[in-house]
Amino acid sequence: MIAPYLLRPLVVLGLLALAVGPASTLVNLRRAEFSAETMVHGVFPGIVVGMAVGGRDAIIPGGAVCAALIAAALTAASRKQRHSEATTAVLLTAFFSLGIVISLRIGDMSGQLESLMFGRLLDITPSRMATSALVLVVAAALLALTWRAQVAVAFDREAAHVSGIPVTWIDIAFNAALGAIVVAASTAVGVLLVVGYLVVPGAFGRLLASGPRSMVLLAGACALVGGWAGFGISLLRAPRPLSPQACVAMGVLVCFAAACVIREIRARRGCTISAARETSRETIVNAGGGEAS
């Protein structure tokens, strides 16, 4: 039997992988890595205020308010024809700085601040697990319901708009799902490390997949296998305790490194097969010429 304090992180990491599969795929297809980073840092003020007002159980409601503001700001910025990353950078800096100022204004939160930034997988309570699970399932369902339109917008916004797709509402759904994932994962893997979940699995899927659907499956598998494997490694005996959150992030990165190796092997094998075919073709041509003479 698995102890409850070990089972709860596994459940949260599993549901996080479920939501991250489509979310990280869309981040990669949209080339929205910087927007994901902005969402990660932008929810920090709401998380700090929620922590100060209602403790760790109020982190998700507080972060949700801030995530809604960031989602609205990112959606408004994406509608501008001359949208630049400078706007996104301003949002990131402003909200994250505001979170730091609020935390210092409230008082001594050094230990709690570290917990918010890097998470505490082993401290997940049943109530926080239930709340995080609900938020992650809603985020995954939101992306699933709008998936076709999300992919169309990711590949060509103008063509999607001309074909009648409500691009603005699709952007809202995308940003809202990102915000929900960040807020739900903040109490587990932390605000800073969750960005790896939003970026790396999608890049993993892009290296190995043949299309968006297979990208989703591979991205989810990367998040699940890397997360569970990293968490398992953190429980091993070591001279010094290992951070479960850092091990989880490293597990996802190891999966990405493995994908890079597999991609390189595929490329070399493809070159070898092409060279063999070309040699065979030349041999046949030369043989035919010899017979003709």
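The values are calculated or read from the model by the stated rules, or taken from the named source; none is laboratory data. Only a predicted model underlies this, so the values are computations on that prediction, with no experimental measurement involved. Neighbour counts are summed over all protein chains in view; Cβ atoms, including those assigned to glycine, are modelled from backbone coordinates with ideal geometry.
Restricting attention to region 189-217 and to residues that are free of Cβ contacts under 8 Å to residues at least 60 places away in the same chain and outside any helix (DSSP H, G or I), the residue that is nearest to SER243 (Cα to Cα) turns out to be ALA209.
Considering only region 187-204, I want to know if a residue exists there that is more than 22 Å from ALA36 (Cβ to Cβ) and either of a type in the set (Phe, Trp, Tyr) or at pLDDT below 90 (or both). Looking through region 187-204, none of the residues is more than 22 Å from ALA36 (Cβ to Cβ) and either of a type in the set (Phe, Trp, Tyr) or at pLDDT below 90 (or both).
Here VAL11 does not qualify as within 20 Å of the chain's Cα centre (by Cα) and more than 30 Å from GLY211 (Cα to Cα). Could you tell me whether PHE44 is among the aromatic types (Phe, Trp, Tyr), over 25 Å from TRP147 (Cβ atoms) and in contact with a Pro (Cβ under 8 Å, 6 or more places away or on another chain)? No; evaluated as a whole, the condition is false for this residue.
Of the helices (runs of 4 or more DSSP H) entirely within region 130-188, those holding at least 2 residues that are buried (at least 22 other Cβ atoms within 10 Å of the Cβ) and touching a helix residue (DSSP H, G or I) at 6+ places or on another chain (Cβ under 6 Å) occupy 147-155, 167-186. Filtering VAL254, VAL285 for residues that are of a type outside the set (Asp, Glu), modelled with pLDDT of 80 or more and part of a helix (DSSP H, G or I) leaves a single hit, VAL254.
Listed by position, the helices (runs of 4 or more DSSP H) contained in region 1-87 that have at least 3 residues being at pLDDT below 80 are 44-54, 59-78. Residues that are surrounded by fewer than 24 Cβ atoms within 10 Å (Cβ to Cβ), more than 16 Å from ALA19 (Cα to Cα) and among the β-branched types (Val, Ile, Thr) within region 189-215 are absent altogether.
Any chance region 20-31 includes a residue that's within 30 Å of ILE233 (Cα to Cα) and in contact with a Lys or Arg (Cβ under 6 Å, 6 or more places away or on another chain)? There is at least one residue in region 20-31 that is within 30 Å of ILE233 (Cα to Cα) and in contact with a Lys or Arg (Cβ under 6 Å, 6 or more places away or on another chain). Looking across region 236-275, just one residue is surrounded by fewer than 13 Cβ atoms within 10 Å (Cβ to Cβ) and under 21 Å from GLY14 (Cβ atoms), and that is LEU236.
The listed residues are VAL183, VAL216, and the only one of them that is among the aliphatic types (A, V, I, L, M) and out of contact with any Ser or Thr (no Cβ under 7 Å at 6 or more places or on another chain) turns out to be VAL183. Regarding region 162-175, can at least one residue be identified that is of a type outside the set (A, V, I, L, M, F, W, C) and in contact with a Cys (Cβ under 8 Å, 6 or more places away or on another chain)? Checking region 162-175: not a single residue is of a type outside the set (A, V, I, L, M, F, W, C) and in contact with a Cys (Cβ under 8 Å, 6 or more places away or on another chain).
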